[in-house]
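Shown next, in structure tokens, is the structure this report addresses.
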Amino acid sequence: MKVSPADLRKVVVFEKATDDDLQLILQNSIDRSIEEGGFFFFQGDVAEHLYVLTSGQVKLTQSNPTGQLVNLRTIYPWQMFGALGAVRAEAVYPANAEALEDSSALAIKSNFLRSMLETRPYLSFGLMNLMTSYIQEMQERYRELATERVEQRVANALIRLAGQSGVRAEKEAGIELSFSRQDVAEMTGTTLYTISRLLSEWERQGIIATGREKIRILKPHGLVRIAEGLEK
Amino acid sequence: MNEHLELLDLTVADVLKSTPATVKFFIGQHTACVGCLLSHFCSLSDVVKTYELDEKKFLEDLSKYNVQKT
């Protein structure tokens, strides 16, 4: 896919960039395509490039020494990922970036962007913006892990996913999410067994409907009620 | 009446965005809409149904806020 400067401006960090800067960034980057199931990078690799997804979907996961995976977030087109090399030389990627479907991304040289950062405040602010929103989200997730009951945690995860990537096909069809039970389990630090038990219970109550790798939210407010422990 | 139907079709997110003062309205109706991540999926008629509100009263209260239909 040929990326134009105008495309690049869809990336939040580059919103305020000049055409010349965007051209410069494009000249210092390459296109990379990864097939479904392949990886853009692995946790622990030297962060030589930062990426802007141009098509497909990428899952960021982190693994502990015993190999258990935690889902950190999903990246959609025109979002940036693996950007910490632009801020810190010698950085390594803190997560794996796996293509959930055939995906393409623009790989920008980290040290090139780092040199641009020194003279362009808009880039620093853009990156700070990205990072603070990550930190906020992680703080919320941490609070949930520390304080909430498991059904609240799972309901919150579904609401967050719906808010970020949910699709409403038709008015009465509910909000559709393309995630498996395993995905939700990894995201909430629970087990597949717990997720299955909760989803079946909610399906019985008519709050959601489930299918293969699909969850449909039929009563959004039902989930909000569970997530927040509301009476009504 | 037609005008009211149109209004009920707006999503909560659209109303809050176009007319931020309605934050007070939604809180006043004792809904959890303000700050809800799913507010762009729910229309005002969904809100009326979900909370079993009186539609006439709901619209009457809302009319004080002069909601922009953009």
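For the reader, a short list of remarks on this structure follows.
- Scanning region B:28-62 for residues that are open to solvent by 80 Å² or more (accessible area, probe 1.4 Å) and more than 14 Å from every other protein chain (Cβ to nearest Cβ) yields a total of 4.
- On the stretch given as region A:106-124, residues that are within 22 Å of A:Glu90 (Cα to Cα) and assigned to a helix (DSSP H, G or I) total 10.
- In region A:183-201, the residues that are without any contact (Cβ under 8 Å) to a residue 24 or more places away in the chain, out of contact with any Lys or Arg (no Cβ under 8 Å at 6 or more places or on another chain) and open to solvent by 10 Å² or more (accessible area, probe 1.4 Å): A:Thr191, A:Tyr193, A:Arg197, A:Ser200, A:Glu201
- Taken as a whole, region A:120-129 holds at least one residue that is away from every other protein chain (no Cβ under 14 Å), within 18 Å of the chain's Cα centre (by Cα) and aliphatic (A, V, I, L, M).
- Region A:134-162, residues that are closer than 21 Å to A:Leu60 by Cα and more than 14 Å from chain B (Cβ to nearest Cβ): A:Tyr134, A:Ile135, A:Met138, A:Gln139, A:Tyr142, A:Arg143, A:Leu145, A:Arg153, A:Val154
- Residue count for region A:223-232, restricted to those that are exposed (fewer than 12 other Cβ atoms within 10 Å of the Cβ) and either facing another protein chain (nearest Cβ under 9 Å) or not small (Gly, Ala, Ser) (or both): 3
- All conditions in (1) open to solvent by less than 70 Å² (accessible area, probe 1.4 Å); (2) out of contact with any Gly (no Cβ under 9 Å at 6 or more places or on another chain); (3) aliphatic (A, V, I, L, M) hold for A:Val13, with the sole exception of (2).
- One residue alone among A:Gly85, A:Gly126 is surrounded by 20 or more Cβ atoms within 10 Å (Cβ to Cβ) and at pLDDT below 90, and that residue is A:Gly85.
- The number of residues in region B:10-47 that are more than 21 Å from A:Lys219 (Cβ to Cβ) and assigned to a loop (DSSP other than H, G, I, E, B) comes to 3.
- Qualifying residues in region A:131-162 (those that are surrounded by 17 or more Cβ atoms within 10 Å (Cβ to Cβ) and among the small types (Gly, Ala, Ser)) - the one modelled with the lowest pLDDT: A:Ala162
- Restricted to region A:163-173, and to residues there that are away from chain B (no Cβ under 11 Å) and open to solvent by 60 Å² or more (accessible area, probe 1.4 Å), the residue that is nearest to A:Gly82 (Cα to Cα) is A:Ala169.
- Wholly enclosed strands (runs of 3 or more DSSP E) of region A:125-232 bearing at least 3 residues under 21 Å from B:Ala32 (Cβ atoms), among the β-branched types (Val, Ile, Thr) and not assigned by TED's automatic domain parsing to the domain that holds A:Gly85: none
- Qualifying residue in region A:185-205 (condition: touching a Gly at 6+ places or on another chain (Cβ under 9 Å), acidic (Asp, Glu) and either modelled with pLDDT of 90 or more or under 30 Å from B:Leu8 (Cα atoms) (or both)): no
- Selection from region A:23-42 of residues that are open to solvent by less than 70 Å² (accessible area, probe 1.4 Å) and within 18 Å of the chain's Cα centre (by Cα): A:Ile34, A:Gly37, A:Gly38, A:Phe39, A:Phe40, A:Phe41
- Within region A:170-202, the residues that satisfy the criterion of being within 20 Å of B:Asp46 (Cβ to Cβ) and in contact with a strand residue (DSSP E or B) (Cβ under 6 Å, 6 or more places away or on another chain) are A:Gly174, A:Ile175, A:Glu176, A:Leu177, A:Trp202.
- Residue selected from region A:210-222 under the condition in contact with a Leu (Cβ under 8 Å, 6 or more places away or on another chain) and closer than 11 Å to A:Leu177 by Cβ, by the criterion farthest from the other protein chains (Cβ to nearest Cβ): A:Thr210
The values are calculated or read from the model by the stated rules, or taken from the named source; none is laboratory data. Computed from a predicted structure; not experimentally measured. All Cβ positions, glycine included, derive from the backbone under ideal geometry; neighbour counts span all protein chains shown. To get the accessible areas, we keep the full protein, side chains included, count just its heavy atoms, and leave off ligands, DNA and RNA. Shrake-Rupley method; radii C 1.70, N 1.55, O 1.52, S 1.80 Å.
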